[in-house]
Amino acid sequence: KQIEEHVANGETVTVEDLCRFPTTHEGHCYRKSNYSSAAAEEHEAKAAAHELLLDGSGTPRDAKTCVFIDTVVADNDTRGPSNFVKEQNNIIGSLADGKAEIIPDLPHTVNNNNNEFHALMEKDPTFRGRQALTNVRVKSIQADITAAVKAYHPHVGNSMERAKCLKQLGAIIKHHCGDHSRCDQVKFCTYSQVKSDHPDWTEEQIREESQKKSKRQKSIMDLSEWGISVLERIIAKRFNAKTIDKIAKCRSSNRCEGFWSELVKLSEGKRIQGCGTDLWLSMVELCYCMSGNQRQNIKKTKQELSELLNVFYTPIKNKACDIMKKKADKDYARKASESGKRKRQMAKLSLDHRMGKDANKSKHHKSEKVPLTKMKKSKVDKCTKCGQHGHKTRECVVLKAPNKQKKQLFDWGGRIESTNEYEPRFKRHRPRDYDWSDSILLGKCKSSTK
């Protein structure tokens, strides 16, 4: 309304001018903050921890309604999960130390690795081409990384299996370059399988037979040792000895992503959220009941609702539902196919290009805002000023003690007339303001010169 009033008066309002308009308005406001939908995650995570552990009056909930989250599976594009875990610790105290853990999402971690490959292709043209990185080649490397991590999943914590997994991850780039000297595990390399089956064959025969059996592209990458080391460092940046145990737990947040995508369709989007009314909460509960289990929960939810409302389907309605189910199954199969994924990708790219988003897309969203090495177990924040728990250093009311100044005094073996302590000289060409006449050391020097 304020913008409309200014426009009606003949003023020009641009996008840069929106920040000067106050957000206050008449009636009850359902917005909790002025943050965007992406930035609000970090702030709302703390509020979620409060609501799960404390009631509206601030007292702890009883055992039936109190919820403590010990495992958080999320991608590392936001600090929301770490803020949630820290807030739990701040409320409960040191008893919650090490109880909650943040586990990285395997598909998102692999996709972040692919994004860096594509960024390298755009930055350095020497890595782009048929004998280097292509879209198909990146997909093949992604499949090899996922297979190596999933093979380590049943043996997480075993030092020998961890070493085998890391060695296999380090052999992927050389494998795609035609060098199979590091391929120790036969199940991941067709060349090694053929070589073990036919030990008396020559290298040329093994190569020809492995190309026939392989389902992938027949060409290999032709990179220098420096180029191979660059790609290996990209993989080792995320998949190393410090992070592989967490990643190998093979957790995924795809169900949460699907739940939110379904909720956005029914609740007018993330920003409006049904104006914060009870309707939005009802949509949240409905989407939670209908999500998961390969779309089987949708039918089960409809049946339970019809029984509770005492509304039963007629034969005409059942026939219509069968037709709708067949169409939904076909649509689901079509969207899950490779052609469907490719069409959605091309449609999104074309839409972003028409709207001018492709140039600024990487600046708005950071897919790796939190490094994997910082996704540790929960621990209570400790103030560095007073050493107490429950608040951060910048929120502490205790004054910080002054730093001890380390000063040195002269010891020339004699008496110095000035009582000033030693301070460094910034202008070295000036003499010191001391009386050196009574110095024993200088007296010895004078007597020696005589």
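The values are calculated or read from the model by the stated rules, or taken from the named source; none is laboratory data. Here the structure is a predicted model, which is why all the values come from computation and not from measurement. All Cβ positions, even for glycine, are placed from backbone atoms using ideal geometry, and neighbour counts span all protein chains on display. To get the accessible areas, we keep the full protein, side chains included, count just its heavy atoms, and leave off ligands, DNA and RNA. Shrake-Rupley method; radii C 1.70, N 1.55, O 1.52, S 1.80 Å.
Points to keep in mind about this one:
- The condition of being open to solvent by less than 60 Å² (accessible area, probe 1.4 Å), over 36 Å from the mean Cα position of the chain (by Cα) and charged (D, E, K, R) holds for GLU209.
For (1) surrounded by 14 or more Cβ atoms within 10 Å (Cβ to Cβ); (2) acidic (Asp, Glu); (3) not in a helix (DSSP H, G or I), each residue gets a yes or a no:
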residue: VAL138; (1), (2), (3): yes, no, no
residue: ASP144; (1), (2), (3): yes, yes, no
residue: ALA148; (1), (2), (3): yes, no, no
residue: PRO154; (1), (2), (3): no, no, no
residue: GLY157; (1), (2), (3): no, no, yes
residue: GLU161; (1), (2), (3): yes, yes, no
residue: CYS183; (1), (2), (3): yes, no, yes
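- Matching residues, region 307-336, being of a type in the set (A, V, I, L, M) and under 17 Å from ASN297 (Cα atoms): LEU308, MET324, ALA328
- Of all residues in region 1-40 being open to solvent by less than 80 Å² (accessible area, probe 1.4 Å) and closer than 24 Å to VAL264 by Cα, the one that is modelled with the highest pLDDT: ALA40
- Residue check, LEU133 farther than 30 Å from GLU51 by Cβ, at pLDDT 85 or above and aliphatic (A, V, I, L, M): yes
- Within region 110-136, the set of residues being surrounded by 13 or more Cβ atoms within 10 Å (Cβ to Cβ) and within 23 Å of the chain's Cα centre (by Cα) comprises VAL110, ASN111, ASN112, ASN113, ASN114, ASN115, GLU116, PHE117, HIS118, LEU120, MET121.
- Exactly one residue among SER82, SER94 is open to solvent by 30 Å² or more (accessible area, probe 1.4 Å), in contact with a Lys or Arg (Cβ under 8 Å, 6 or more places away or on another chain) and touching a residue at least 40 places away in the same chain (Cβ under 8 Å), and that residue is SER82.
- Matching residues in region 43-64 - criterion: being part of a helix (DSSP H, G or I) and open to solvent by less than 80 Å² (accessible area, probe 1.4 Å): GLU44, ALA45, LYS46, ALA47, ALA48, ALA49, HIS50, LEU52, LEU53
- Top-ranked residue in region 285-299 [being without any contact (Cβ under 8 Å) to a residue 12 or more places away in the chain and open to solvent by less than 100 Å² (accessible area, probe 1.4 Å); ranked as nearest to GLU257 (Cα to Cα)]: ASN293
- Selection from region 300-332 of residues that are farther than 17 Å from MET290 by Cα, open to solvent by 60 Å² or more (accessible area, probe 1.4 Å) and in a helix (DSSP H, G or I): LEU309, PRO315, ILE316, LYS317, ASN318, LYS319, ASP322, ILE323, LYS326, LYS327, LYS330
- Any hit, region 219-233, residues being in a loop (DSSP other than H, G, I, E, B) and either touching a strand residue (DSSP E or B) at 6+ places or on another chain (Cβ under 8 Å) or free of Cβ contacts under 8 Å to residues at least 24 places away in the same chain (or both): yes
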